Amino acid sequence: MFAKGQTVVQYMEQLAPKHVAMEGDKIGLQLGSLQKENRNVLVALDVNEEVVDEAISLEVNLIIAHHAIIYRPLAHLQSDTPMGKVYEKLIKHDIAVYIAHTNLDVTDGGMNDWMAEVLGIESAGSLEDVHTDNLYKLVVFVPKDHHEQVLKAMLNAGAGHIGKYSHCSFNLEGYGTFKPGEGTDPYIGTEGKLERVEEIRIETVVPYSLRSKVIQAMLKQHPYEEVAYDLYPMDLKGRTFGLGRVGKLSKPVTLRDFVERVKARLEVPMVRVVGDLDRPVRKAAVLGGSGGRYWKSAQFRGADVLVTGDVDYHTAQDAWMAGVAIVDPGHNAEKIMKPRVAAWLSEKLTEDKYATRVHVSQVNTEPFRFL
């Protein structure tokens, strides 16, 4: 059995939920259909013509990429332009393209956690918070004989997380009253007769992003024709998502040695460096992609160095004068995501007994050459 594109994307969105993406980011399905079965899926950093040719050779029907293929509004779609040729090949060969960008960057266990891990940045926290999933209280009244299955459904759908604790709920026994009206089909009771039923009140917390999912799971398992439940906001913050990561190294190193670590572990031949190569580095920050403008956040968090790409001249000057070192390995260092996303999807597909194969793109999409 092969997974449809929509199933593959659902797994992807478990890792990188769409709602945590930065406002205006071009994510999600950008071309093609997710309603078809996929024998093969390709994970890539960028999608250029060479990557599309690779997908065609592997008989891929879905590409999961980090960088958008449609970033600005299209005024026309001409097949004799470089990107027009890419779109044409994708359409002719029935290949869909799905993008996970800043949502993959900020999520727990995503791009910036991977980069922090390989660089040896420990106990890494966010460099700058960008999204908080506020909490809601969900209360529902359930007959005793359905209590366990309704509660289990709600918790499995994502309710009940408080900090590092899961499956949190409060359950109180009591009595519910109701009178089924004309034309009803009650699970308990008789039409026109006042009923008094032993019920359990379930209370739990639900993050904003999972409200609909948890409520639907609850309603599916609840036996009543009309379910009594309450949902109201709480003055509590839930899970916070942030750009970049910052934390301490296991032991201090010189900036010179740290640069060699970046080159080796991010697999880049050269880097640009701002700062004294003999200065000690005890705390480091990392932000995949173009993150030069966040050097002040790195400074505020006490980082000795910021690892990020596409740093411009004047930003480098400002950071240098402020005493913040920068290591710029280039934007393509984000290629670290390819094997990790592929491994995530492969594991999920295997768990659910799908035969769909996930491939890691072998195309080097780095546009710069180092001479």
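Total residues in region 267-276 satisfying the condition of being out of contact with any Asp or Glu (no Cβ under 9 Å at 6 or more places or on another chain) and on the phi < 0 side of the Ramachandran plot: the figure is 3. Here region 50-90 is the region considered, the condition is being touching a strand residue (DSSP E or B) at 6+ places or on another chain (Cβ under 7 Å), β-branched (Val, Ile, Thr) and at pLDDT 95 or above, and the residue that is surrounded by the fewest Cβ atoms within 10 Å (Cβ to Cβ) is 69.
All of 198, 191 fail the test of being farther than 19 Å from residue 140 by Cβ and more than 34 Å from the chain's Cα centre (by Cα), apart from 191. Please tell me if residue 240 is among the hydroxyl-bearing types (Ser, Thr, Tyr), more than 30 Å from residue 147 (Cα to Cα) and surrounded by fewer than 18 Cβ atoms within 10 Å (Cβ to Cβ). Criteria met by residue 240. Using the structure shown, decide if residue 264 is surrounded by fewer than 19 Cβ atoms within 10 Å (Cβ to Cβ), among the hydrophobic types (A, V, I, L, M, F, W, C) and more than 21 Å from residue 249 (Cα to Cα). Considered against the rule, which asks whether it is surrounded by fewer than 19 Cβ atoms within 10 Å (Cβ to Cβ), among the hydrophobic types (A, V, I, L, M, F, W, C) and more than 21 Å from residue 249 (Cα to Cα), residue 264 comes out as no.
When 60, 41, 52, 47 are checked against the criterion of being at negative phi and within 19 Å of the chain's Cα centre (by Cα), 41 stands alone in meeting it. Residue count for region 267-317 satisfying the condition of being of a type outside the set (A, V, I, L, M, F, W, C) and crowded, with 16+ Cβ neighbours inside 10 Å: 14.
If I ask for residues that are over 25 Å from residue 46 (Cβ atoms) and part of a strand (DSSP E or B), which ones from region 274-293 would you list? Correct list: 274, 280, 281, 282, 283, 284.
Scanning region 1-26 for residues being surrounded by fewer than 19 Cβ atoms within 10 Å (Cβ to Cβ), assigned to a loop (DSSP other than H, G, I, E, B) and under 19 Å from the mean Cα position of the chain (by Cα) gives a total of 5. The set of residues in region 230-252 that are out of contact with any strand residue (DSSP E or B) (no Cβ under 7 Å at 6 or more places or on another chain) and assigned to a strand (DSSP E or B) contains only 251. Residues in region 129-159 that are assigned to a strand (DSSP E or B), of a type in the set (Val, Ile, Thr) and crowded, with 16+ Cβ neighbours inside 10 Å: 130, 140, 142.
Every condition in (1) within 23 Å of residue 109 (Cα to Cα); (2) without any contact (Cβ under 8 Å) to a residue 12 or more places away in the chain; (3) in the same structural domain as residue 291 (by TED's automatic domain parsing) is met by residue 249 except one, and the failing one is (2).
Name every residue in region 214-229 that is out of contact with any strand residue (DSSP E or B) (no Cβ under 9 Å at 6 or more places or on another chain) and modelled with pLDDT under 95, in order of residue number. Within region 214-229, 225 is the sole residue that qualifies.
The values are calculated or read from the model by the stated rules, or taken from the named source; none is laboratory data. As the structure is a prediction and not an experimental result, all values here were calculated from the model. Reconstructed Cβ throughout: ideal geometry from the backbone, glycine too, with neighbour counts over all protein chains shown.
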